[in-house]
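A short write-up of the structure that comes next.
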Amino acid sequence: MEESSYSNLSTSHLLGSVPAVTNEEKKASYEVPEANMQIFPPNNASGGGRGRGYQTLEAPTEEFEQQPPNNWSGVFSISSYTQYFNVDTDVVIYRLISSFYPVTGDFFSKIDANPDLYGLIWITTTLVFMLASFGNWATYLMQKHSDGTTSWSFDVGYINAAAVGIYGYAVVVPMAFNFLLQYLGSNASLVRFWCMWGYSFSIFIPTALLLLIPVEILRWIIILIAGSASSCFVALNLKSYIEGANDLKMMVVAAFLLQMALAIFIKVWFFPWSTYVDYPSI
């Protein structure tokens, strides 16, 4: 009888008792975070190149593959211009060869990822010294043929004329076209214009040597062929660059005429008219 009374006592208030599970209690939920796959080696996202950090697994964008990093630090900072001289010899030679094929008109597509100023400076400087030296050589041969008794002196003015004419043209003309195209609403790039115009002078380097031939009619044929090739190179590439803008076609014609004017300037100023047909014996 005593045992049955003990069994009827409530045990919910006793220490260590476990209450029954009821349906009203809410189950706690736990959300698993989404996994983010990463690849190794680390990559520095802030620098855009190899470095520390991690890179998420995703396809590279077209802009990253084609465009060089923007390291511009100001107009008066040398480091701002180093990216435009970061070219190999093979690349420069390939662009030089491309400038001798003016009918393709695809030069901008070849330099789009990495336009350089190395070709502009190297080609124009070489052309300046060749025009000054060969121009003086031409006057020396003319003088020796006409009067071998008079003394001949090197004309320093040829260096000044070549430097002002070639450097001035190579810098000012692309800047003028860049300004006009931007003013007319076209998307122009000054560095690409400098690069293209710089390589357009390359054909005048071997032309300067050929202009020593002592036949005047042949000289004019040589300079007109070289000028036409250089003019077509500039005009066709400029046409492909502004393709679709019919109101800018006069810019292409102006570029062609300016390049022909440069060729005629080289012939008239540095290799003037002469009547001799053979070199004197020395």
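Worth pointing out:
- When you count the other C-beta atoms within 10 angstrom of each residue and take the mean per peptide, 91-99, 212-220, 189-197, 128-136 line up highest first as 189-197, 128-136, 91-99, 212-220.
- Assigned charges on the beta-carbon of Lys, Arg, Asp, Glu; region 150-282 dipole about Cα centre (debye): 220 debye
- Put simply, the amide H of THR104, placed in the peptide plane, has no neighbours under 5 Å, leaving out anything fewer than 5 places away on its chain.
Values quoted throughout were computed directly from the atomic coordinates according to the rules given, and no laboratory measurement underlies them. Fair warning: this is a prediction, and the values are worked out from it, not measured in the lab. Methodologically, a virtual Cβ is constructed for each residue, glycine included, from the backbone with ideal geometry; neighbour enumeration extends over all protein chains shown.
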